[in-house]
Amino acid sequence: MKPIIGISGGHLIDSGGRFPGYKRAYVNDDYVQSVVKAGGIPYIIPVVDDEAVIEQQIQQLDGLILSGGDDVSPLLYGEEPLTKLGPTSPERDAFDKLLIKYAIDQKKPILAICRGVQILNVAFGGSLYQDLSYKEEANIRHDQYSRTDMPTHNVIIHEDSKLFAILGRSALVNSFHHQAIKCVAEGFKVTATARDGVIEAIEKEGEDYVVGVQWHPEMMAAKIPTMLALFRNFVEEALRRKAFV
Ligand code: MN
């Protein structure tokens with residue numbers, strides 16, 4: 001049996017076509033294909049607001065991927081919105097926080113990507129830069145115009161991390177974020193940084209498998225074996241823990 005991997009969904013609002021303004025439940029296909037390639041069974045988890053439903057959504061899974069999306073509301077980490085904040089989605093903030101809560105309660109492995117790592121950090125009490133221009137030393141382009149599957153900047157990976165075992169000392173990554181982690185949540189450690197000091201990955205300390213990256217491995221996994229290896233490691237862990245239940 002392959003492990004069931006849930007991918008947190010978002011909303012897509014039609015901008016034109018026959019139903020302008022119509023709301024759809026969706027995830028980017030790259031997440032789905034990366035899970036299949038890594039040996040998991042992908043399921044899209046649609047955004048809902050009923051906590052009992054969310055608890056049971058998590059019960060069905062062996063692992064949770066927190067996918068990318070809108071900015072996290074700064075109100076969640078005690079800041080007012082600054083001028084360079086992008087669009088936020090309170091509905092999704094609330095949903096993701098409950099997914100995280102129940103995944104941790106039920107000891108399901110988590111792989112958090114881009115917005116995913118940001119909401120993960122905030123859910124545990126950390127904070128974000130609302131825009132990287134608010135971080136003085138951040139002089140690397142973190143919102144690249146190159147293709148989605150093209151890595152553009154280096155990250156330095158810290159020893160004694162799951163990421164180090166998968167990727168080694170450094171990796172080239174793509175970059176589609178304008179926010180980043182400011183204060184790391186208690187109980188988490190930084191596991192990768194860009195050369196301008198921007199935090200690019202964190203992991204939860206202790207027994208839980210909770211790995212977050214600021215880049216988009218799912219967009220590179222079809223081409224770059226090390227990025228697929230990140231998904232493989234996560235899917236293998238989901239399978240290992242499933243076997244113990
Ligand atoms: Mn970056």
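Bear in mind these aren't lab numbers, they're just calculated from the coordinates by the rules spelled out. None of the values given here were measured: they were computed from a predicted structure. Virtual Cβ from ideal backbone geometry, glycine too; neighbours counted across all protein chains shown.
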Percentage relative contact order, segment 4-243, counting C-alpha pairs under 8 Å, at least six apart
20
Rounded to the angstrom and largest first, Cα extents along the principal axes for the chain equal 48, 46, 36
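Report, in cubic angstrom per residue, the convex hull volume of the C-alpha atoms of segment 203-245.
Details: hull volume 3.1 nm³, N = 43.
Output value, Cα hull per residue: 72 Å³.
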If the reach is capped at under 21 angstrom between alpha carbons, list the lysines near residue 84, excluding any in the same chain fewer than eight residues apart.
135, 182
When the chain is fully extended, how far beyond the present Cα-Cα distance does residue 18 get from residue 186, taking 0.36 nm per residue of separation?
55.7 nm
Please identify the chymotrypsin sites (Phe, Trp or Tyr not before Pro) of segment 1-68 that satisfy two criteria: DSSP loop assignment and at most 12 other Cβ atoms within 10 Å. Which are they?
22
State the extension gain, in nm to one decimal, for the chain segment bounded by residue 160 and residue 41, taking 0.36 nm per residue of separation less the distance between their alpha-carbons.
39.9 nm
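Taking 51 Å as R0, compute the FRET efficiency from the Cβ-Cβ separation of residue 195 and residue 80 and round it to 0.05.
Once the sixth-power term is evaluated, E becomes 0.95.
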Under a cut-off of 16 Å between alpha-carbon atoms, report the lysines in cross-link reach of residue 189, not counting same-chain residues fewer than 8 places apart.
162, 204
Taking segment 2-79, which GluC sites (Glu not before Pro) meet the DSSP loop condition and have no more than 16 other C-beta atoms within 10 Å?
79
How much space per residue, in cubic angstrom, does the convex hull of the C-alpha atoms of segment 1-129 take up?
125
Low-density loop positions, trypsin sites (Lys or Arg not before Pro), segment 198-233 - DSSP coil, at most 15 other Cβ in 10 Å:
223
On the principal axes of its Cα set, how long, how wide and how thick is segment 133-245? Give whole Å, largest value first.
46, 35, 21
State the dimensionless ratio Rg/Rh of segment 74-215 (Rg: radius of gyration of Cα atoms; Rh: Kirkwood radius).
0.95
Cα-based reach from residue 242 at 16 Å (exclusive), listing lysines while leaving out same-chain residues under 8 positions away
2, 107, 108
Inter-site label distance for residue 134 and residue 59 at 7 Å from Cα along Cβ, in nm:
3.9
Which three extents, in angstrom, do the Cα atoms of segment 168-226 have along their principal axes, listed largest first?
34, 27, 19
Separation of segment 2-44 and segment 159-204 by C-alpha centroid, Å?
25
